[in-house]
Amino acid sequence: MVDISQTYSASRRLDGAAGARPKRRISASRIMTYGILCVICFYYILPLWVMMMTSLKGMPEVRMGNIFAPPVEITFEPWVKAWSQACTGLNCDGLSRGFWNSVKITIPSVLISIVVASVNGYALVNWKFKGSEIFFGILLFGAFIPYQVMIYPIVIILREIGLMGDVWGLVLVHTIFGMPILTLLFRNYFASLPEELFKAARVDGAGFWGIFFQVLVPMSLPIFTVAMILQVTGIWNDFLFGVIYTKPEAYPMTVQLNNIVNSVQGVKEYNVNMAATLITGLVPLTIYLLSGKLFVRGIAAGAVKG
Amino acid sequence: MSVIDPVAPRAAGRPKKLIANPMAKIAALPMIMTALVIFIGCSVWTVVHSFTKSKLLPSSQFVGFDQYERLWSTRRWLASVENIAIYGLVALVFSLVVGFVIAVLLDQKVRAEGAFRTIILFPYSLSFIVTGLVWQWILNPDFGIQYIVRGWGFENFTFDPLHNPDTVLAALLMAGLWQGTGLVAVILLAALRGVDEDIWKASRVDGVPAWKTYIWVVIPILRPAFVTATVLIATGIVKLYDLVVALTNGGPGIASEMPAKYVYDAMFGKQNLGQGFAASTMMLLSVLLILIPWAIFEFRGKKRG
Amino acid sequence: MKTSIMRGLLAGVATFVMPFAAGATDLEVTHWWTSGGEANAVQELAKAFESTTGHHWVDGAIAGSGNTARPVIISRIIGGDPMAATQLNHGKQAQELIEAGLMLDLTDIAEEGKWAEIVQPKSLLDACTVDGKVYCVPLNIHSIQWMWTSNAAFEKAGIDPVNNWEELKAAAPKLREAGILPLAMGEQGWQEAYLVHNLLSGTSEDLYYAVYRDKDEDALNSDGVKAVFNELAAAREMSAGGNVQDWNLATAKVINGEAAAQVMGDWAQGEFALAGKKAGQDYNCLIAMGGEPSIATGGDAFYFPLNKDPEITAAQKDLAKVLISPESQVAFNLKKGSLPVRGDVDLAAAGPCMQKGLETLAAGKVITGTDQLITPDAVGQIQDLMAEFFGSDMTPEDAHAAFVEIILNDE
C-alpha cells in the first residue's frame, strides 16, 4: 500500500524522467540502454515498416518482391483506392463510406461511456453505499467475459427496449463494455486525490453534482485523456458490435476494412489492405500523438495509485 | 485488493449521513444495472442454456450435462485449454517482465523518450484484421525473416514457426506481445515516475546496486500498477480471438486453437449454441476460480493489516 | 444518354411482361459475396431487380465467409429488425429460423411460378421446403467434386497429365523428384473435409448415402469407409510442405505449376480464368476427381425474413421472382461460375468445365450435398477432425474412429 501523501507529491515529477541515477555521462551502461531500446524499437517498427512499404508499392512489385525493401517506384494509388475506390459488395467507395459513420458512432460512445464511468468512479470513492464494492467486483468480473457469449442476450435486451438496429443501441453496448476498465481507472484516480478537497466542498454546502463538476472534473484532465484514448482505440477498431447492432447505412469503417481484407476470391491486393489498415489506424494514432504526456500522466494517476 | 480497493481505509472517516445520500445511488444506477442485468444476468442465462440442446436459437430443452461431456471429450477443446494455459502464462510473464524492462530503460533520462513511447504504443491502435497478415508475411519462410537471412549467406537458416505445431504458439506470442507490451510498459513507466526520489538517494547512500533496489524496493512499491497491468493483460488473454484468427486460424491442425475461438465456432459455425455456452461457462468458471481466492486473500490481508 | 434510354426501354418492357407490384421500396440484402467475380455476379441480380421492379437494392455485404456473416444475419433476424433478404446455404442451416416462424412463406409465388417443375434437380427445392411450404429461393449449384491439374507441372516432371486420383498417387514420387508439390491443399478444415466427402461419394453413391443420410453403423465401419481414411493419409503425404492456408493461394500454386493438382469446388475455375489460363490447354478440370461423374447439390439460396410492413413483403416476393427468372439465372451464374438451378436456360456461353457440370446435371447424376444430410454441427466437427488429421501425425484408424463417432452422434 502506498502512502497517499507520498505518491501525490511524487506526481510533480511526472513530466521528467528521474530513474535510478541522474548522472549524465556517456558510459557503457548508457550505450547499452540505447542499444536495447533500439533493438526493442526495431521489433515494434518492423511490422509498421512492412505495412508502409507495401502500401506504397504497385501489385507487381509486391508479388515479386522482398517485403522489407522500400518501393522502387512509389505509388499512392493503393491509398487512394483503399480510401475511395475499393469495393465492398456493390458499393465501390472504399473506406470513405464508413468514415463518418465511425465518427458518428465513436463520439457519442466515447463521451457517454466516459461520463458514466467517471460518475461510477466518483460514487464508488466518495459516496460509498452498502454493496457498492460488490457491484464493482461484478463489473470487474465482467471484463473477463468473452464478447461472443453476450451477443444473443444483448440482441434480446436491445429488442425489448427498442434500440436494436439503432446507433444508440450500439452506443449503449460500447458504454456497457467499456465500463469495467474505465470505472477501475476513474475510481483509482479519484481515490488518489486529497480527501480534504472533498471535505472542504462539503462544508461549503456543495452537493453530489456540485462537487463532481466543480472540484473533481477540473482536476482530472489526465485520467479523462487516458479514458478517451482507450475508448477511442477500442470503439474505432470494433468490428463485431458495429456490424451486428447497426444496419448497412450505419456500418463503421471497420466493416469496410474487413470486407476489403477478407474477400477470399481473386487476387489479394496486399498493398490496398495495408493502406486500408494504416488509414483506419490514423485516428487513434493521431490521438496518441496529440495527447502525448497527458496520457502517461493519466495512466500514472489512474492505474498506479492505491 | 490494493489497487482495486484503495478506498476502504478512508471510508471509515466519512460522516455517516453521506452514506445515505440518494443521489449517489441514482448516479450509480447505470453501474448497478450493468452489473446485475448484463454481467450477472447474461452469465446466468449462459450457464442455464449450457444445459440445453440449443442449436441455432436458444431453446429450453434440457439435456443435463451432455454438452459438458462432449466438451471434455473433444480433442479440440482439450488442445485449446492447454494452449491458453501455456500462452497465458508465458504472455503474462513476458508482458510484465519485458514491459518493466522497457519502462526502466525509458526511465533512464533517455533522449527522445516521447518518440520511443509512441513507437511501443502504436501497435495498440491498429486492428488485428491486417496486422495478423503482416506477421504472417514476416514469419513466412518464403519471403520473411528466413528469406532475408538466407540472402545474407546463411543458407541453412530455418525459421518457420507458423507451420510447426511445436513452435506456432511462439509465433502467436511474438505478435501478441508486439501488440500488448507497449501499454504495460507505459503503465509501469508512469508508476516508476511515482516512486519517491528519496528511495534512490537512500539506496545510493547505502551502496545498494541499482538492480537490487529495483527488485527489492521498487517492484513492491509498484505492486498496484502491476495488478492493473495484470488485469488488462489477463482480460486480453482470456478473450484472445482476433489474433489467432488473423495469424494462424487455429492451425497447423489444432495446434493454436483457443477457448474463445472454440466458443465462437461452436455458436456460429457449428450452430450449436449449447456447446458454445458450455465452453464459455467453463471459461467463466476458471476466471472465478482465479479471481475469488485472490479477492479473499487480498481482502483478509488488508483487514489484518 | 444511351444507357438511360436502354434502362427506360427495359423498364417499359418489364412492366408489360411481368406483372410486378408498383411502388418503389428499399430492400436491404445481406450476403457475403464480396470478391471481384462474386460482386459482379451480385451486381447482375441487383440490376435485374431494380430495372424490372423499380425497387431499390440496398447492399449489405459482409466479407469473410459465412462464419463472419452468420452471427450478424441471425442476430438481426432474432432482434426483430431483419434485413429484407439474405443469403444462406440451403440445407439445415435455416431450419430453426423457419420453425420459429421468422421466415417469409413463399409458397404462393412458388406455385404461381411453377417452381416445382422448373427447379432442377428437385432436391434443391426440397431443401427449401419445410412442412410442404417453400421458404427460400435456390440461386445456384456449386459442386465440390473437382480436381484441378496443371499441365505445366506434369510437363516439368516429364510425365503425362493424370486423369484421376489413383494416377495422381502413382505420379506423386516423380512429381516430388521434380520439386513439384503433388497436391496443393489449403490447411483449413473445410477444404480438407471436401476430400472426405468426395472420396466417399467417389467410392459409391450407396456408401455416401449410407454414411451421411442413414448414419448406418455397419456402413460406417465397412472397409470402404476405412479405405477412404487411408486415401486421406496418402493425401496428407502428397500435400506435405505446401504451407498454404487460403484455398485461392493453393489454386495459385496449381496455376503457377508449383503444384500438380488441387481438389476444390467449381469456383476455382474463376481463379484460372483470372490468370488467363485455358481449360484443356493449361489446366484440366476432372469432375468427381476423375471418377464416375456426379454432382453434389450444394449451393446458395436466398431467404426472406418475415417483415411486418406489407410493402416490404410485396417487394420481397418481387425479388424472389427476379432471382429465379431465367434471365437472372443466366446472368448471375455465368459471372459466378456456378450452375443454374433450372434446366430450361441456355448457357452456351459457359466454359468447358462448366459444360461438363451442365452435362452431368442434365444426365441427372446428382447426389444430395452433405449440408442437407447432416447438421452444421457435424459438418463443423468433421472439419475440426480433418484440420487435426492433416496438421498432425494422427493415424487413419484414429481419424476413422472419431469420424464414426461424429456421424453416429449427429441428430
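Please treat every number below as a calculation from the coordinates, not as lab data. As the structure is a prediction and not an experimental result, all values here were calculated from the model. For neighbour counting, all protein chains shown are included, and Cβ atoms are generated from backbone atoms with ideal geometry for every residue, glycine included.
Overview of results
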| read-out | value |
| --- | --- |
| Tilt relative to chain C, helix C:223-239 - C-alpha long axis, 0 to 90 degrees, to 10 | 80 degrees |
| Simple Cβ-charge dipole of the range C:266-385, Lys/Arg +1 and Asp/Glu -1, about Cα centre, in debye nearest 20 | 240 debye |
| Principal-axis tilt of helix C:65-78 within chain C, Cα atoms, nearest 10 degrees | 40 degrees |
| FRET efficiency, 1/(1 + (r/R0)^6) with R0 45 Å, evaluated for C:LYS114 and C:ALA275 via beta carbons | 0.65 |
| Dipole axis of the protein assembly as shown (+1 Lys, Arg; -1 Asp, Glu on Cβ), positive-most option in C:GLY132, B:GLY180, B:LEU243 | B:GLY180 |
| Antiparallel bridges, percent of DSSP beta bridges restricted to the protein assembly as shown (to nearest 5) | 60 percent |
| Relative contact order for the range C:256-398, counting Cα pairs under 8 Å that sit 6 or more residues apart, in percent | 29 percent |
| Span from the the range A:204-226 Cα centroid across to the the range C:298-368 one, whole angstrom | 64 Å |
| Where labels lie 7 Å past Cα in the beta-carbon direction, separation of B:ASP66 and B:THR158 in nm | 4.7 nm |
| Residue-averaged [θ]222 nm for chain C, counting only DSSP H segments that reach four residues, each worth -39500 (n - 2.57) | -16000 deg cm²/dmol |
| Inter-label distance, nm, simple model (7 Å from Cα along the C-beta direction), C:GLU205/A:GLU160 | 5.2 nm |
| Three-way shape call for the range B:75-184 based on the alpha-carbon gyration tensor, with the a/c threshold at 1.5 | oblate |
| Calculated FRET efficiency for the pair B:MET23/B:ASP198, C-beta based, R₀ 30 Å, to 0.05 | 0.10 |
| Other protein chain Cβ atoms within 10 Å, averaged over every residue that makes up B:151-163 | 1 |
| Two-site FRET efficiency, C:GLU397 against C:LYS174, from Cβ-Cβ distance with R₀ of 25 Å, rounded to 0.05 | 0.30 |
| Interchain or long-range residues, amide H under 5 Å from B:THR52's placed H | B:VAL63 |
| Value of relative contact order over chain C, rounded to a whole percent, pairs C-alpha under 8 Å and six or more apart | 26 percent |
| Most to least packed among A:60-66, A:115-121, C:54-60 [average Cβ atoms within 10 Å] | A:115-121, C:54-60, A:60-66 |
| Sequence-separation-based contact order of chain A, relative, with Cα cut under 8 Å and 6+ spacing, percent | 30 percent |
| For peptides B:22-35, A:172-185, A:236-249, sequence by mean Cβ density within 10 Å, most packed first | A:172-185, A:236-249, B:22-35 |
| Estimated vicinal HN-Hα couplings, Hz - the range B:272-280 in sequence order (Karplus 6.51, -1.76, 1.60; Gly, Pro = x) | 10, 4, x, 5, x, 5, 4, 5, 6 |
| Shape of the protein assembly as shown, Cα gyration tensor, a/c cut at 1.5 | prolate |
| Relative packing of C:152-160, B:148-156, which averages over residues the other C-beta atoms within 10 Å, highest first | C:152-160, B:148-156 |
| Stokes-Einstein D in µm²/s, Kirkwood radius over Cα pairs - the range A:96-304 at 20 °C with 1.002 mPa s viscosity | 114 µm²/s |
| Net +/- balance of residues flanking C:ILE295 in space, Cβ distance below 13 Å, scoring K and R +1, D and E -1 | -2 |
| Cα-based helix-to-principal-axis angle, A:132-142 vs chain A, degrees rounded to 10 | 20 degrees |
| For residues of B:199-209, the mean tally of beta carbons on other chains within 10 Å | 1 |
| Positive-end residue, chain A charge dipole about Cα centroid, Cβ charges, pick of A:THR54, A:GLY207, A:ILE74 | A:GLY207 |
| Exercise: per-residue mean of other protein chain Cβ atoms within 10 Å, B:268-279 | 6 |
| Residue-averaged [θ]222 nm for chain B, counting only DSSP H segments that reach four residues, each worth -39500 (n - 2.57) | -19500 deg cm²/dmol |
| Cβ-defined net charge surrounding A:ILE74, 13 Å radius [Lys, Arg +1; Asp, Glu -1] | -2 |
| Under 5 Å, built H, 5+ apart or other chain: amide partners of A:THR88 | A:ASP93, A:GLY94 |
| Derived scalar couplings ³J(HN,Hα) [the range B:47-64; Karplus, 6.51 cos²θ - 1.76 cosθ + 1.60; whole Hz; x for Gly, Pro] | 4, 4, 6, 6, 9, 10, 9, 3, 10, 6, 10, x, 10, 10, 8, 6, 10, x |
| Residues C:ASP393, A:ASP93 arranged by fewest to most Cβ contacts within 10 Å | C:ASP393, A:ASP93 |
| Global geometry of chain B, whether rounded, prolate or oblate, following the gyration tensor of its Cα atoms and the 1.5 cut on a/c | oblate |
| Local electrostatic count, A:VAL215, Cβ distance below 12 Å [Lys/Arg +1, Asp/Glu -1] | -1 |
| Size of electric dipole in the protein assembly as shown: Cβ of Lys, Arg +1 and of Asp, Glu -1, about Cα centre, debye, nearest 20 | 5880 debye |
| Nearby aspartates and glutamates by direct alpha-carbon distance to B:LYS55 (threshold 16 angstrom, same-chain neighbours under 8 apart not counted) | B:ASP66, B:ASP265, C:GLU96, C:GLU99, C:ASP371, C:ASP377, C:ASP410, C:GLU411 |
